[in-house]
Every structure is written in C-alpha cells, then in structure tokens.
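In what follows, a single structure is set out as structure tokens and then discussed.
The values are calculated or read from the model by the stated rules, or taken from the named source; none is laboratory data. Being a predicted model, the structure only gives us computed values, none of them experimental. Note that we place each Cβ from the backbone using ideal geometry, even for glycine, and neighbour counts take in every protein chain shown.
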Amino acid sequence: MTDVVDLEAVLSVSNTDVDEVIHTVADHADAIFTWDYEKGARPQLNKLYEKAKHSQWNGETDLPWDTEVDLEAQAQLQVDTFRAFTESYDLKGSPFERWGDKEWATLNIESANWTLSQFMHGEQGALICTAKIVETVPWIDAKYYAATQVMDEARHVEVFAKYLDTKLSGYYPVNAHLKLLLDDIVEDSRWDITYLGMQIMVEGLALAAFGFLHALTTEPLLKQLLRYVMSDEARHVAFGVLSLKEYYEGLSDAEMFERQQFAYEASLRMRDRFLQQEVWDRMGVNPKEALQLVVQDPGRVMFQQILFAKIVPNCKKLGLLDRNDQWLRRRFEEMGVIQFEDWIDTSDEYETLQIEGLEQLRSGELRADAS
Ligand SMILES: [Fe+2]
Ligand SMILES: [Fe+2]
C-alpha cells in the first residue's frame, strides 16, 4: 500500500449508539411517477427483471437450516493460518505475546461473527437503498427490476439474521464507518448516487467478499447461503452497471468528476476503515496496538485488493476511470487495484453466477404440491 492508514483517525470514530433500536436518516429525494409504461424500452433491464422473477428462493425452506454448525471445530481449522501470521512477526511486547490456540480460535469466531454481522447491516442498507430507487428512478423497467431487488434484499437480511441468531452467538452492532457510508448514500438527493454508492461500490465489494468467503468456508450451510446470495448480488450489481451506463454517457465532465470523487471516497472508506475494531474491544485487546500489526499482514493486504475485483471493471464500464484526465484511474493506481480493470464486468458476468436448477427446483415443488 502506498498510503498509510491513519489508525488514530479511524479509531476516533466509533458507534456510540449500540443500544439504539431505530436510526433515522433524511433521504432528501422526490418520489417520481412515470406515465411511460412501455415495458422493455430498456431491453437489458427488462431481461434482468424477467430473470429475477425466476430466481426467487425462499430463505426458510431452500437452505439446510438443520445443519449442525460446530464453531469450535471451524475455528480450530483456521488457527494454523493465524499461527503462520504470528510466526512472521516479532510479537514480543504486543497484545498477542502470550496468546495460544484458544485465544486465536476465539478471535476467529469473533471475526466471523463481526463480518457476518456487517454483511447483515449492509444488506439492510441495500434494502433501504433499493426501496428508494423504486421511488426515484424515472424509468419503468428500472422500477420493475428494483422492486424484485427489494424482495431479494429482504431475504438476505433475513438469512444473515437467522444464521447469526441460530448458528452463532448473536450479532455485533453496525460498525460506525459502515453506518456513516450507508447514511451518506441514503442521504444524497441524486438518484444515480444511490446506485453508484450501493449497487456499484457496496454491492460490488460484497460480491467479491462473498465469493472469497464462499471459496474459503467449509461450513456447508454458510457455503450454500453465500452461494444463493451471490447469485442475487450479481444481478444487483449488473442492474447498477446497466442503469448508470446510459445515464453517465450523458453527463458533463464536471458532473462526472463528482461521481469519480464519490467512488474514490467510498473506496478509501471500505478499504481502510472497516477494521473490526469492535472485535478487539470485546477480546480485551487495545485496538490500536492490535491493528498496528494487523494492517501489515500481507494476507490482509491481498484480501483488501481482491475486494476491488468487481468495482474496478464496473467503474471502467461506466466511463468513470478515464474521464477528467483519467482521474479515478490514477487514484486506483495509487491504491494498487488498477490491475482488475480488464476483469469481467458484472453486466456480463451475472448470468454465470445464477444458480443452476433453481427453476427445476421450483417447478419440482409445484408438481409435488399439485399431486
Ligand atoms: Fe443483498
Ligand atoms: Fe444486493
């Protein structure tokens, strides 16, 4: 990484409302009716909408919730990874000096819980953003599609909450930096910024993160849950790319510059500020001391870059990389993520991520019900 994370600044922002039950944000947007009902005026959005209708799954009945999740065994599997990390550093005088397998295993359990908790909160952000898009986007095909995404996001919040509640030990409150990012996206009055913030940046990152975790986890319930969620997320990111491509072609340089800056700010936040500080608090370790070591971990640096595997090609497709003298390209170069620019963009990739056999499963069920 070329720039050093300012840990002091990151840690100075923390969630002080961990007991609040509701959180209110003004969304500053006009609800837009359209009297142009021509379905399929935007064929790619219409195709996505038809696909979404056939890709609905049921979080209660399509996942194997009777799977026994053995957290301790899962955690032990990961301890070797942590040991490799610890052996590459001199831990004398650090909070980890006296840690044994038990502490590393606990850290693994807490980290998994924190990560899935933030996924759950992010999913609620997506639910709210997409409901807002139903109101604010001026095109009927986009309203139709967004309506299916609202249902998808409700299901995602539902399954993550159920997993945390029934398989793990409850959840962490929303991380302060994630909350601020979601607030900024929801508050913005421009309809395309909801898409850019949520479908391109947050969901682009989530799609990469889900893919990484899906490949890594050996827990069969979580693996299937993530696979199902990914098939939906790929459509959502494609929805963002297909909608904004048309709109961004018509924007001036000055308008595009605002979008480039927004994308860059969101990138920095997502890369540098989502640091599991609450996990260290819970484990009784000084977060700053712990994070000074963690941010140097080469595995973490690699993971942080992989998170941009979807964002960068999608930004390229939208024309965001190269407008205004390649401003965003330069920023992504500094962040060390430009190498993803020619990876497949999600408007092409989403079809390969759809779940095979979901329609057969549905029709099989229908037949079973009918007999
Ligand atoms: Fe989602
Ligand atoms: Fe989504």
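What to note about this one:
- Taking helices (runs of 4 or more DSSP H) as the structural unit, no element lying wholly within segment 89-202 holds at least 3 residues that are within 15 Å of ligand 1 (Cβ to nearest atom) and modelled with pLDDT under 95.
- A single member of ALA234, ALA209, ALA254, ALA238 is farther than 30 Å from ASP66 by Cβ, within 15 Å of ligand 2 (Cβ to nearest atom), among the aliphatic types (A, V, I, L, M) and part of a helix (DSSP H, G or I), and it is ALA238.
- Test: residue in segment 32-48 that is outside any loop (DSSP other than H, G, I, E, B), at pLDDT 95 or above and within 16 Å of ligand 1 (Cβ to nearest atom): yes
- Residue in segment 226-234 that is more than 16 Å from ligand 1 (Cβ to nearest atom), of a type in the set (Asp, Glu) and in contact with a Lys or Arg (Cβ under 9 Å, 6 or more places away or on another chain) present: no
- Any chance ALA263 is in a helix (DSSP H, G or I), of a type in the set (Gly, Ala, Ser) and either touching a Pro at 6+ places or on another chain (Cβ under 7 Å) or farther than 21 Å from THR136 by Cβ (or both): no
- In segment 213-222, the qualifying residues are those that are in a helix (DSSP H, G or I) and more than 16 Å from ligand 1 (Cβ to nearest atom), and the one that is nearest to ALA112 (Cα to Cα) is LEU216.
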